[in-house]
Amino acid sequence: MEFAALVVAGGGGTRAGAGTPKQYRPIRGEPVLRHSLRLFTDHHAVGTVQAVIRNEDVAAFERASAGLPKCLPAVPGGATRQASVLAGLESLVRAAPRFVLVHDAARPFADQALLDRAMQSVRISGASIPAIPVSDTIKQVDGNGNVTANIERSALRAVQTPQAFTFETLLAAHRRAAAENLHDFTDDAALMQWAGVPVTTFEGSILNGKLTTPEDFERANAYAAQALGDVRTGMGYDVHAFADGDHDHVTLGGVKIPHNKKLSGHSDADVLLHAITDAILGSIGDGDIGHHFPPADQKWRGADSAMFVRFAVERVQARGGMIAHIDGTLICEAPKIGPHREAVRASIAEICGIETGRVGVQATTNEGLGFIGRNEGIAAMATVTVRLPWSVK
């Protein structure tokens with residue numbers, strides 16, 4: 001294996017606010033960590049991706065990494081970033097990569113071109129880091145905030161990740177620092193310099209900023225909205241009849257709702273999720289649920305309809321897009337939807353990987369008219385808004 005990636009996600013991320021570690025907060029409809037992992041899983045030259053996380057974040061990591069190839073099970077980090085990197089490096093010993101790319105999970109806007117530059121540079125030097133020139137005037141101040149010196153900025157650089165190193169050299173430096181009880185290196189380049197390894201730089205990216213404060217997330221979301229300016233809308237409709245016999249629930253929006261009838265269908269007959277699936281696929285002109293999951297195919301018998309929705313969401317994400325909003329309407333005489341509305345909203349949001357505030361669920365009757373009015377079945381309509389890059393056709 002030539003390249004392995006090590007994504008450091010072991011911090012609490014409390015300065016970012018919102019009560020959630022910053023690496024699991026959403027950007028473009030997905031957790032920050034998922035963007036950072038996909039930087040490497042999408043690159044043909046990266047053989048494996050190892051994340052380092054907090055013990056309490058295992059479930060959140062599994063959701064953030066679901067479906068991504070090349071990802072190894074996460075390993076627990078240490079008390080410092082340096083300790084977390086060492087834990088990740090030790091877990092990669094068996095893979096024996098020639099080079100390792102160490103990346104902060106809180107930098108979700110790194111791109112493939114930056115990764116290409118890292119690989120090209122480390123093949124030559126063995127230790128290389130992304131850097132950008134400092135454009136602001138730099139002052140040195142004392143403890144009271146008084147300026148004590150002007151710093152010449154022409155030789156200064158702001159350093160980013162991914163930082164790229166020969167794997168065995170970086171591992172040896174980390175092991176030596178740990179053995180000497182040194183734990184305060186702020187990045188891997190500083191540790192390598194301490195170990196006597198020359199470090200070179202390559203061109204970083206102005207977009208590759210680190211998310212730390214609530215203001216950083218505001219700017220990131222504004223950038224995402226600008227980058228995903230192609231707004232598209234899809235509509236879906238589905239209907240299922242009630243099956244004969246006595247039953248105890250129907251499944252709507254992924255939630256089991258008590259009822260004395262069940263809906264008839266080839267899968268689990270979740271009429272709302274079927275309508276949402278068609279709306280998502282329609283927003284990107286990608287057929288419908290029957291095209292991708294033919295009802296004549298027996299492998300979909302009794303299938304959980306959440307799988308269909310996730311498939312549609314992944315089709316949007318594969319185009320670099322995000323789900324911006326979902327609005328679903330159930331049309332039925334019974335069961336009563338109101339008591340279950342919030343559970344249904346939360347379920348749809350979880351399935352689609354978006355905030356609950358981006359999901360609306362309404363319900364109405366058919367005023368006793370038609371097959372719905374005769375309580376013979378349930379219909380659902382859905383409208384979905386997605387954001388795509390302008391470059392997507």
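Below, the figures for the structure above:
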quantity: Per-region count, region 1-45, residues surrounded by fewer than 18 Cβ atoms within 10 Å (Cβ to Cβ), at pLDDT below 80 and touching a Gly at 6+ places or on another chain (Cβ under 8 Å); calculated: 1
quantity: Test: residue in region 138-146 that is out of contact with any Pro (no Cβ under 6 Å at 6 or more places or on another chain), loosely packed, with under 10 Cβ neighbours inside 10 Å, small (Gly, Ala, Ser) and farther than 19 Å from Ser84 by Cα; calculated: yes
quantity: Residue check for Gly88: in contact (Cβ under 8 Å) with a residue 24 or more places away in the chain, in the same structural domain as Val8 (by TED's automatic domain parsing) and farther than 25 Å from Gly209 by Cβ; calculated: no
quantity: 3 or more residues under 26 Å from His292 (Cβ atoms) and not charged (D, E, K, R): qualifying helices (runs of 4 or more DSSP H) within region 306-393; calculated: 306-318, 341-352
quantity: Scan of region 222-248 for residues that are modelled with pLDDT of 90 or more and under 29 Å from Ile323 (Cβ atoms), ordered by number; calculated: Val231, Arg232, Thr233, Gly234, Met235, Gly236, Tyr237, Asp238, Val239, His240
quantity: Qualifying position, being in contact with a Leu (Cβ under 8 Å, 6 or more places away or on another chain), surrounded by fewer than 19 Cβ atoms within 10 Å (Cβ to Cβ) and either assigned by TED's automatic domain parsing to the domain that holds Thr48 or free of Cβ contacts under 8 Å to residues at least 24 places away in the same chain (or both), among Asp116, Asp111; calculated: Asp111
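Here is a yes/no grid of residues against (1) in a helix (DSSP H, G or I); (2) in contact with a strand residue (DSSP E or B) (Cβ under 7 Å, 6 or more places away or on another chain):
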residue: Gly47; (1), (2): no, yes
residue: Val58; (1), (2): yes, no
residue: Phe61; (1), (2): yes, yes
residue: Ala64; (1), (2): yes, yes
residue: Ala83; (1), (2): yes, no
residue: Ala96; (1), (2): no, no
residue: Leu101; (1), (2): no, yes
residue: Ala113; (1), (2): yes, no
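The values are calculated or read from the model by the stated rules, or taken from the named source; none is laboratory data. What you are looking at is a predicted structure, and each value in this text was computed from that prediction instead of being measured. Backbone-built Cβ (ideal geometry, glycine too); neighbour counts: all protein chains shown.
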